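The values are calculated or read from the model by the stated rules, or taken from the named source; none is laboratory data. Please read these numbers as outputs of a predicted model, since none were measured by experiment. All Cβ positions, even for glycine, are placed from backbone atoms using ideal geometry, and neighbour counts span all protein chains on display.
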Amino acid sequence: MRYASGTVPHDSAQRIRFNFCPAGVERGCVRPTRTTPACGGSSMKRWAAMLFATMVACSSGDWHTRKGDGTFYGRRAGDVWVRGPWEEIRPSRDVDEVIEQLCPAIMKLPRASAGAYGQEYCGAIYSVDGVYYASYGSPLGKTILMYPETRKQCYSPRFVVDDRGRASIIADYHSHPWQPSPMSDRDLWSHSQRWLLRIQFDTGCRVMKLIPHVGESRPGEVFAREERRWRLIGHILP
Ligand SMILES: [Zn+2]
């Protein structure tokens, strides 16, 4: 998800936040900075956890992260682009068929289901000549440590690079590396919406769809995928 930089998670008064490896974990790490004072006797424990989290994130190089940056995804003028089509996902004239294939494919990527030390992946669903495709998932984003967890959030892509050109993005998608995990408040914020739809899923492959209705007076709608249908589970009230 793309959040304003410097955003501190809500109810974060006791949490510690830092960013590192901002351009992908393979490019070396910046030492963490504390933004809130550590609490008394537990500070050693906290630092040990932070050090461990940093080591996990920085040492777990993998092909997708090492080779992917600049090939499957990358940055352009402060935004993230993703390449498509991703061969793991069979194209379809029915966008729901594309959506249903996403979670199992994404969960095969490094640390996609690693829970507290996991990695989110963000990508796009787009159409070319009436057929829907999915892009590769991008891990580009930032790491937030919310003791005792790290969260590797990804940025929603702004561009799709498809050699055929003329890709129209209909949705962004992203994974959460734990479950159960419905959409977060930030996933629902209207200012973070860029496309017609937002798709999100967790490690249990519970798939959610948000139709934000940006710029319209009616409230956004949240659906869950159940038995190959979308069930309305809530509205986002202004
Ligand atoms: Zn999310």
Point to revise | Positions within segment 174-204 being assigned to a helix (DSSP H, G or I), under 18 Å from VAL80 (Cβ atoms) and more than 12 Å from the ligand (Cβ to nearest atom), in sequence order | key: HIS191
Practice item. From the list SER192, SER217, pick out the single residue that is surrounded by 15 or more Cβ atoms within 10 Å (Cβ to Cβ), of a type in the set (Ser, Thr, Tyr) and out of contact with any His (no Cβ under 7 Å at 6 or more places or on another chain). Key: SER192
Check your understanding: Do the conditions hold for LEU197, that is, is it at pLDDT 90 or above, of a type outside the set (Gly, Ala, Ser) and either out of contact with any Phe, Trp or Tyr (no Cβ under 8 Å at 6 or more places or on another chain) or surrounded by fewer than 16 Cβ atoms within 10 Å (Cβ to Cβ) (or both)?
Key -> yes
**Study point:** segment 88-112 residues that are free of Cβ contacts under 8 Å to residues at least 40 places away in the same chain and closer than 17 Å to ALA171 by Cβ, paired with ones that are among the aliphatic types (A, V, I, L, M) and assigned to a loop (DSSP other than H, G, I, E, B) (beta carbon under 8 Å, 6 or more apart)
**Key:** VAL98/ILE89; GLN101/ILE89; ALA105/ILE89
Study note, to complete from the structure: Residues of segment 220-238 being surrounded by fewer than 18 Cβ atoms within 10 Å (Cβ to Cβ) and either charged (D, E, K, R) or not in a strand (DSSP E or B) (or both), in sequence order, are GLU221, GLU226, GLU227, ARG228, ARG229, ARG231, LEU237, PRO238
Exercise for review: For residues that are farther than 18 Å from ARG206 by Cβ and under 14 Å from the mean Cα position of the chain (by Cα), scanning just segment 152-184, find the one that is modelled with the lowest pLDDT.
Suggested key: LYS152
Practice item. Would you be able to tell me the number of residues in segment 127-140 that are under 21 Å from CYS205 (Cβ atoms) and within 16 Å of the ligand (Cβ to nearest atom)? Key: 3
Exercise for review: Can you run down the residue pairs with Cβ atoms below 7 Å, 6 or more apart or on separate chains, where the first is in segment 156-180 and acidic (Asp, Glu) and the partner is part of a strand (DSSP E or B)?
Suggested key: ASP162/VAL128; ASP172/CYS122; ASP172/ALA124; ASP172/ARG198
Check your understanding: When you go through (1) surrounded by 14 or more Cβ atoms within 10 Å (Cβ to Cβ); (2) over 13 Å from the mean Cα position of the chain (by Cα); (3) assigned to a loop (DSSP other than H, G, I, E, B) one by one for LEU210, which number turns out not to apply?
Key -> (3)
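Matching residues to (1) over 29 Å from LEU237 (Cβ atoms); (2) buried (at least 23 other Cβ atoms within 10 Å of the Cβ); (3) of a type outside the set (Ser, Thr, Tyr):
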| site | (1), (2), (3) |
| --- | --- |
| TYR121 | yes, yes, no |
| VAL131 | yes, no, yes |
| TYR136 | yes, yes, no |
| PRO139 | yes, yes, yes |
| PHE159 | yes, no, yes |
| SER175 | no, yes, no |
| TRP178 | no, no, yes |
Review point. Which one of these does ALA224 not meet: (1) away from the ligand (no atom under 12 Å from the Cβ); (2) modelled with pLDDT under 90?
Key: (2)
